[in-house]
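Read through the structure below, which is laid out as structure tokens, and then see the notes.
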Amino acid sequence: MTEPLRIVFAGTPEFAARHLQALLDAGQPVIAVYTQPDRPAGRGHKLMPSPVKQLALQHGLPVLQPATLRDPAAQAELAALQPDLLLVVAYGLILPQAVLDIPRLGCINSHASLLPRWRGAAPIQRAIQAGDGHSGVTLMQMEAGLDTGPMLCKVSTPIGAEDTAGSLHDRLAELGAQALAAAIGPLVRGELRPEPQDEQLATYAHKLNKEEARLDWQRPALALERQIRAFNPWPVSHALLDGEPVKVLAASLGEGSGQPGQILAAGKDGLTVACGTGALRLTRLQLPGGKPLAFADLYNSRREQFACGLVLQ
């Protein structure tokens, strides 16, 4: 009689939790879950469990939260589980070679890009920012390099003209979850053929930071429109008007020209601002202390604040 498969799952954010849910829905034998230590969150900085931990506890799964997997004790704890497979999705901790060598069938990662394009921390956002026509999820065998392992399968989806990082994240989470759950059987049977990545096609998706979310009006309107979608819901693109920060959550290409940052027009269809090339129509904003609103709603009560000729910094 064949021994049941022993799967250990490692992941942290909502993207990973959707993968874990798909595995559980498919009846895959997950015996333990690894996730990052609880982090302070909210105004009270109360320690909060990750989405993966919350889901694992709901299903009565053992949860392990080592601060690092470079610790020999943590490695011994994983080895004691005798895993056949380690499935890794947005875990956030580096897996040293000693860990990669533990599972009998290796470590499989679900990565939110069409590798070798966009290795690294922010593949969803960088794909939108670059104007890519497609994104997707790649299942790969893990090795010591960052997202460099042989690819087992890919699923692809078009990036729509109105896609934000949030909407694309949700779509890729579902696609990746389905692909991972479906791949377990073929993987165990040796039916998936690993394909090496072409290093010459590799690009790196650098981690996002708040500083780069500032809108530089010297740049072309098209680049700023992509940035706004890529940085929604975080870190959210922003500019200064009269010294106060204004968050920009949605925009489209507008018409007109002028000094970069200058307000060219304001009305119910949006706030048109001159850029280095072309113009951008801002359609959804958030003022300090307020909630996100369609510009038409802001314009009704704050016309003087968005007068033509004023300049966004």
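Any read-out appearing in this document is the output of simple, stated calculations on the displayed coordinates, not a laboratory observation. The shown structure was predicted, so the numbers you read here are calculated from the model rather than taken from an experiment. Virtual Cβ from ideal backbone geometry, glycine too; neighbours counted across all protein chains shown.
Please state, as a whole number in µm²/s, the translational diffusion coefficient that the Stokes-Einstein equation yields for the stretch 41-100 at 20 °C and 1.002 mPa s, with Rh defined as the Kirkwood radius across alpha carbon pairs.
160
Summing +1 for each Lys or Arg and -1 for each Asp or Glu, what net charge is found among the other residues whose Cβ lies under 14 Å from the Cβ of Arg126?
+1
Label Asp170 and Asp297 with points 7 Å out from Cα along Cα→Cβ: what is the distance between them in nm?
Inter-label distance under the simple model: 1.8 nm.
Relative contact order for the chain: what is it in percent, counting Cα pairs under 8 Å that are at least 6 residues apart?
That works out to 13 percent.
Need one number: nm distance between label points at Gln200 and Glu3, each 7 Å from Cα along Cα→Cβ, rounded to one decimal.
Here the answer is 4.5 nm between the modelled labels.
Report D for the stretch 83-190 in µm² per second (integer): Stokes-Einstein, Kirkwood Rh on Cα pairs, 10 °C, 1.306 mPa s.
111
Mind pulling the per residue volume of the convex hull built on the Cα atoms of the stretch 1-157? Å³ is fine.
That works out to 133 Å³ per residue.
Quantify how much of the Cα-Cα distance distribution of the chain extends past 31 Å, in percent.
Summing the P(r) of the chain above 31 Å gives 40 percent of all pairs.
Using 7 Å Cα-to-Cβ label points, what is the Arg70/Ser156 separation (nm, one decimal)?
My value for the distance between the label points is 3.8 nm.
In whole Hz, with x marking every Gly and Pro, tabulate ³J(HN,Hα) for the stretch 303-311 from phi via Karplus 6.51 cos²θ - 1.76 cosθ + 1.60, θ = phi - 60°.
Residue by residue, the stretch 303-311 yields 4, 5, 6, 10, 5, 4, x, 5, 10 Hz.
Amide H to amide H, which residues 5 or more places from Ser135 or on other chains are under 5 Å from it, using H placed in the peptide plane?
Long-range HN contacts for Ser135: Thr157, Ile159.
Set the Förster radius R0 to 30 Å, insert the Cβ-Cβ distance between Val188 and Gln97 as r into 1/(1 + (r/R0)^6), and round the FRET efficiency to 0.05.
0.85
How would you rank Met151, Met48, going from fewest to most other Cβ atoms within 10 Å of each one's own Cβ?
Going from least to most buried by this count: Met48, Met151.
Suppose the chain between Leu47 and Gln259 were pulled fully straight at 0.36 nm per residue; how much longer would it get relative to their current alpha carbon spacing?
My answer for the length gained is 71.6 nm.
Considering only DSSP beta bridges with both partners in the stretch 131-244, what is the antiparallel share in %, to the nearest 5?
Among the beta bridges of the stretch 131-244, antiparallel pairing accounts for roughly 90 percent.
Taking Cα pairs under 8 Å and at least six residues apart, what relative contact order does the stretch 210-306 come out at, in percent?
For the stretch 210-306, the relative contact order is 25 percent.
Using R₀ = 41 Å, calculate the FRET efficiency as 1/(1 + (r/R₀)^6) where r is the Cβ-Cβ separation of Val63 and Ala144; round to 0.05.
Efficiency, from the Cβ-Cβ distance: 0.95.
Within 10 Å of each residue's Cβ, count the other Cβ atoms and sort Leu55, Leu201, Leu175 from fewest upward.
Exposure proxy ranking, most exposed first: Leu201, Leu175, Leu55.
Can you give me the C-alpha center-to-center distance between the stretch 121-164 and the stretch 29-80, rounded to a whole angstrom?
25
So how do Tyr91, Tyr34, Tyr204 line up by other beta-carbon neighbours within 10 Å, fewest first?
Least crowded to most crowded, the residues run Tyr204, Tyr91, Tyr34.
Determine the relative contact order of the stretch 1-109: mean sequence separation of Cα pairs under 8 Å and six or more apart, normalised by residue count, in whole percent.
Relative contact order of the stretch 1-109: 32 percent.
Which percentage, to the nearest 5, of the DSSP beta bridges contained in the chain is antiparallel?
So the antiparallel bridges amount to about 70 percent of the total.
Taking amide H atoms as placed 1.01 Å from N in the peptide plane, list the residues 5 or more away in sequence, or in a different chain, whose amide H sits under 5 Å from that of Asn232.
Under 5 Å from the amide H of Asn232 lie the amide H atoms of Ala165, Gly166, each far enough along the sequence or on another chain.
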